[in-house]
Amino acid sequence: MISKRISELKEQLFQKRREISLERAILYTESWKFTEGEPTVVRRAKALAHILDHVNINIERGELIVGGRTIQPRAGVISPEMSPYWILQELDTLPTRPQDQFDITGADKVLFRSELFPYWKDRSLEDRIEKKIPDHIQQTRKKKIIKLNQTDKGQGHIIPSFEKVLNDGLDCMIAEAASKNKKDPFNPFYDAVHISLLATQRHINRYAQLASSLAAVEVDLDRRDELLEIARISNKIAKEPPHSFYEALQLFWYINIILQQESNASSISPGRFDQYMYPFYQNTIDAKEDSLLVKELLQNLMIKFNTIVALRSEESAKFFAGFPIGYNIILGGVDQKGRDAVNELSYLMLETYADIKLPQPNLGVRIHEKTPREFLIKASETIRLGTGIPQVFNDEVIIPAFLNRGVALKDARDYAVVGCVELSIPGKTYGLHDIALFNLLRVMELTLQGQASQPDCFDSLLDAIKENVTLYIKDMVEGSNIIDHAHGELVPTPFLSAFIDGCMDKGLDVSQGGAIYNFSGVQGIGIANLADSLHVVKKLIFEDNGMNLSQLVELLENNYAGQETLRQRFIHRFDKYGNDIDAVDYLGSEILTHYCTEVEKYTNARGGIFQPGSYTVSAHIPLGEAVGATPDGRLAKEQLADGGLSPMVGRDRLGPTASLKSVSKLDHYLLSNGSLLNVKFSPSALEGEEGIKKMIGYLQAFMRLKLQHIQFNVISVELLKDAQKNPDKYKNLVVRVAGYSAIFIELNKAIQDDIINRREHTL
């Protein structure tokens with residue numbers, strides 16, 4: 001249940017259409033002009049300070065947790081210092097584009113065209129990157145084999161050490177920065193951290209002053225007391241560490257807002273919230289404070305998570321549809337000693353989410369052999385709500401995967417999740433998790449087309465595909481390192497770096513290798529379609545002699561024109577990945593293993609290593625557009641299998657357990673950047689106690705089969721189709737897209753259709 005206050009705050013999120021805000025861009029540009037000639041890291045700190053000192057702030061009527069990136073909730077914030085070009089091109093189409101629409105005023109269009117764009121043209125991050133990308137990598141990009149990301153975004157996909165500021169307080173962190181700066185005055189990084197932290201204090205004090213001024217004129221005595229309490233808490237936590245749960249939540253949220261103002265990036269995630277917040281929760285419980293207030297505070301915080309959305313270009317929105325900002329919170333799992341870490345707050349977070357039912361935070365749970373059955377019940381009951389939350393991660397395979405990457409055992413046990421499904425070590429890792437996507441199916445297509453004559457055997461064809469994968473991985477790595485290096489040069493993040501272990505000791509920004517662990521994450525996409533296609537090729541051409549390779553390539557290049565019966569045969573008469581058939585599943589495993597072992601050979605620009613993953617977010621739609629017809633019966637430009645490791649839509653005919661067994665044949669110990677498996681259940685499958693028992697058994701099977709990740713849509717096809725036809729009736733309908741949930745009616749029809757068409761299973 002939610003109170004009238006929380007209900008009203010939730011409704012306010014959707015009262016107006018989303019708008020574009022230029023405020024951060026204007027303030028950032030003002031500062032950047034003024035600081036020309038100074039070290040870049042100091043300029044970035046001063047730009048953040050200028051924003052924090054001058055951005056408009058407000059306190060909504062009734063809210064208990066305060067602070068916002070913009071006055072208008074769910075506003076799109078632009079960063080012309082990253083790239084002004086796509087913004088200029090889309091100024092007139094932002095309100096009407098197919099996905100993630102935003103309104104923008106005529107005055108703001110004029111201001112951007114006349115002032116912001118002319119200044120940032122040739123000065124942006126994208127300019128620096130594109131000038132350095134060599135022709136051979138550009139050609140690989142044009143072939144749609146690789147997609148290089150993070151060319152127009154700041155540092156995200158990271159978990160700051162929130163416990164550092166919660167346990168030590170801002171005064172302590174400021175003193176550390178001042179001391180380091182005094183000892184090493186020629187390192188501008190320490191000066192930049194000091195500037196950023198002092199500006200943080202001033203920003204929090206601005207809210208304290210606003211709350212006090214509002215209290216002075218408030219006629220409702222209860223609300224006046226609430227405003228005075230907000231002022232008291234803000235004044236305290238601007239300097240001292242918090243003690244109560246309320247104080248800790250408020251400081252936590254202020255830090256989140258400031259991190260967003262610095263980077264305007266997605267997926268700066270909270271991590272293991274139930275672990276570092278638990279002592280403050282216990283302090284409040286021990287003081288016998290109102291338990292209803294505790295839950296209302298958490299509900300208010302969850303609404304706050306949804307006030308921030310990601311603004312992306314039209315092209316990028318195809319890959320990350322639905323505004324996902326990636327506030328990923330993970331619950332449960334083991335602690336650093338290997339003991340179960342579930343606590344009261346773990347349960348309370350799931351209960352609170354059940355009350356709110358919004359896309360953010362992107363809640364997940366960690367499970368292992370000793371996870372309490374009661375927690376599995378609570379997680380299953382929450383999954384049954386149908387919003388796709390929580391997703392589930394497997395300690396039994398993820399911890400060893402991190403050990404395989406050289407991560408210390410206690411750190412591996414402390415893993416959490418950023419963004420969608422990306423795996424990270426909180427407070428110690430800069431993983432650059434989404435630096436590139438690698439379209440394995442496109443490599444297969446080009447390899448088939450490049451065979452002048454039929455190979456002697458299927459293994460020779462398989463070797464040719466592997467050779468091309470190896471070749472194009474080099475281009476992906478080289479391009480990724482160019483982007484990585486440009487981030488360190490142009491857009492360091494000294495405020496974020498203050499919350500990542502290693503940076504203050506090394507005197508290095510997180511973008512320059514300051515973190516303890518430095519990874520670059522690259523996703524191999526298309527395994528399901530690749531396995532299905534290779535199985536058809538093997539059986540049809542090399543075993544049954546049904547046609548030769550040249551004939552098949554011609555058939556595919558003609559997109560099965562006039563051969564629909566044959567296409568249906570390819571779909572229905574040949575075994576498919578997702579049905580526990582070794583002959584198919586191991587083909588996918590062989591290619592994915594090759595991809596992973598090639599990727600992990602490379603080092604990145606920060607002295608760390610590349611690590612592979614396999615997840616698509618919503619990129620299976622646009623990546624499919626880049627691939628012609630394939631031997632699995634897929635037509636040209638049709639979507640790929642969703643998720644990353646999921647079977648192709650509708651092809652997992654033997655039920656959800658067979659799908660688990662197919663996916664388990666992939667080597668999940670190698671996918672340390674993250675993987676994704678979507679499963680769709682009929683709501684009737686989880687009804688009653690019996691349904692929950694079956695779900696728990698399914699989760700335990702997932703764990704023991706050593707899969708990394710799984711997530712669920714538990715919603716009927718009929719309801720989704722009705723929502724598609726009558727969107728006004730379903731404004732708050734939340735569904736699972738890929739590694740995140742989104743409001744269904746805010747997705748374009750292609751993605752809606754994909755969710756509708758996923759096979760609906762029973763247990």
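Assorted remarks:
- Given (1) out of contact with any Asp or Glu (no Cβ under 6 Å at 6 or more places or on another chain); (2) hydrophobic (A, V, I, L, M, F, W, C); (3) at pLDDT 95 or above; (4) under 30 Å from PHE542 (Cβ atoms), number of the condition ALA452 does not satisfy: (3)
- Long-range neighbours under 9 Å by Cβ, at least six apart or interchain, first residue more than 18 Å from LYS694 (Cβ to Cβ) within region 372-393, second among the polar types (S, T, N, Q) and part of a loop (DSSP other than H, G, I, E, B): PHE393/GLN708
- Filtered residue count, region 39-60, keeping only those that are open to solvent by 10 Å² or more (accessible area, probe 1.4 Å) and without any contact (Cβ under 8 Å) to a residue 40 or more places away in the chain: 4
- Qualifying residue in region 104-112 (condition: closer than 21 Å to LEU311 by Cα, at pLDDT below 95 and in contact with a strand residue (DSSP E or B) (Cβ under 7 Å, 6 or more places away or on another chain)): no
- Within region 434-489, the set of residues being surrounded by 24 or more Cβ atoms within 10 Å (Cβ to Cβ) and within 24 Å of ASN545 (Cβ to Cβ) comprises MET444, GLU445.
- Looking across region 166-185, the residues that are in a helix (DSSP H, G or I) and either in contact with an Asp or Glu (Cβ under 7 Å, 6 or more places away or on another chain) or closer than 20 Å to VAL522 by Cβ (or both) come down to ASP171, ASN181.
- Summed over region 372-386, the residues that are outside any helix (DSSP H, G or I) and closer than 15 Å to MET349 by Cα give a count of 1.
- For the residues PRO80, PRO73, the requirement of being within 23 Å of the chain's Cα centre (by Cα) and without any contact (Cβ under 8 Å) to a residue 60 or more places away in the chain singles out PRO80.
- The residue that is most open to solvent (accessible area, probe 1.4 Å), counting only those in region 706-733 that are of a type in the set (A, V, I, L, M, F, W, C), under 25 Å from the mean Cα position of the chain (by Cα) and farther than 14 Å from LYS749 by Cα, is LEU733.
- Failed condition for ARG69, given (1) open to solvent by 60 Å² or more (accessible area, probe 1.4 Å); (2) basic (Lys, Arg); (3) in a loop (DSSP other than H, G, I, E, B): (1)
- Residue count, region 176-221 (criterion: within 19 Å of PHE495 (Cβ to Cβ) and not small (Gly, Ala, Ser)): 22
Yes/no per residue for (1) of a type in the set (Gly, Ala, Ser); (2) touching a strand residue (DSSP E or B) at 6+ places or on another chain (Cβ under 8 Å); (3) crowded, with 24+ Cβ neighbours inside 10 Å:
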| residue | (1), (2), (3) |
| --- | --- |
| HIS368 | no, yes, no |
| ARG373 | no, no, no |
| ARG384 | no, yes, no |
| PRO390 | no, yes, yes |
| GLU396 | no, no, no |
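- Members of region 666-693 found to be surrounded by fewer than 20 Cβ atoms within 10 Å (Cβ to Cβ) and basic (Lys, Arg), listed by number: LYS693
- Looking only at residues in region 647-663 that are open to solvent by 30 Å² or more (accessible area, probe 1.4 Å) and of a type outside the set (A, V, I, L, M), the one that is nearest to ILE571 (Cα to Cα) is ARG653.
- LEU170 vs. criteria open to solvent by 10 Å² or more (accessible area, probe 1.4 Å) and either on the phi < 0 side of the Ramachandran plot or out of contact with any Pro (no Cβ under 6 Å at 6 or more places or on another chain) (or both): no
- Total residues in region 739-754, condition part of a helix (DSSP H, G or I) and in contact with a strand residue (DSSP E or B) (Cβ under 7 Å, 6 or more places away or on another chain): 1
- Qualifying residue in region 743-753 (condition: touching a Lys or Arg at 6+ places or on another chain (Cβ under 7 Å), open to solvent by 20 Å² or more (accessible area, probe 1.4 Å) and farther than 25 Å from GLY613 by Cα): yes
- Some residue of region 232-252 being in a helix (DSSP H, G or I) and within 30 Å of ILE435 (Cβ to Cβ): yes
- Across region 213-231, the number of residues qualifying as touching a Leu at 6+ places or on another chain (Cβ under 7 Å) and in a helix (DSSP H, G or I) comes to 4.
- Those helices (runs of 4 or more DSSP H) of region 105-165 in which at least 3 residues are without any contact (Cβ under 8 Å) to a residue 12 or more places away in the chain, considering only elements entirely within it, cover 106-111, 135-142.
- Figure legend. Inter-residue proximity from region 240-256: first residues open to solvent by 10 Å² or more (accessible area, probe 1.4 Å), second residues assigned to a helix (DSSP H, G or I) and among the hydroxyl-bearing types (Ser, Thr, Tyr), beta-carbon distance below 9 Å, spacing 6+ or different chains. Indicated pairs: HIS243/THR284; SER244/THR284; TYR246/THR284.
- Scanning region 524-573 for residues that are free of Cβ contacts under 8 Å to residues at least 24 places away in the same chain, touching a helix residue (DSSP H, G or I) at 6+ places or on another chain (Cβ under 8 Å) and polar (S, T, N, Q) yields a count of 1.
- Listed by position, the helices (runs of 4 or more DSSP H) inside region 439-530 whose residues that are closer than 25 Å to GLN639 by Cβ and over 22 Å from the mean Cα position of the chain (by Cα) number at least 2 are 440-449, 458-490.
- Counted residues, region 272-315 - those being crowded, with 21+ Cβ neighbours inside 10 Å and part of a loop (DSSP other than H, G, I, E, B): 9
- Residue that is modelled with pLDDT of 95 or more and either farther than 27 Å from SER520 by Cβ or surrounded by 15 or more Cβ atoms within 10 Å (Cβ to Cβ) (or both), where the choices are THR93, THR151: THR93
- Restricting region 405-425 to residues that are of a type in the set (Gly, Ala, Ser) and open to solvent by less than 10 Å² (accessible area, probe 1.4 Å), the residue that is modelled with the lowest pLDDT: GLY419
- Positions within region 12-37 being open to solvent by 10 Å² or more (accessible area, probe 1.4 Å), free of Cβ contacts under 8 Å to residues at least 40 places away in the same chain and assigned to a loop (DSSP other than H, G, I, E, B), in sequence order: GLN15, GLU36, GLY37
- Just one of the listed residues (ARG224, ARG128, ARG123, ARG202) is open to solvent by 30 Å² or more (accessible area, probe 1.4 Å), within 27 Å of TYR276 (Cβ to Cβ) and modelled with pLDDT of 95 or more, namely ARG202.
- Selection status of LEU350, touching an Asp or Glu at 6+ places or on another chain (Cβ under 6 Å), assigned to a helix (DSSP H, G or I) and either closer than 23 Å to PRO279 by Cβ or at pLDDT below 95 (or both): no
The values are calculated or read from the model by the stated rules, or taken from the named source; none is laboratory data. Note that the structure is predicted; figures quoted are calculated from it, not measured. Heads up, the Cβs are rebuilt from the backbone with ideal geometry, glycines too, and the neighbour counts pull from every protein chain shown. Side chains included, ligands, DNA and RNA excluded: accessible areas come from the protein's heavy atoms. Shrake-Rupley method; radii C 1.70, N 1.55, O 1.52, S 1.80 Å.
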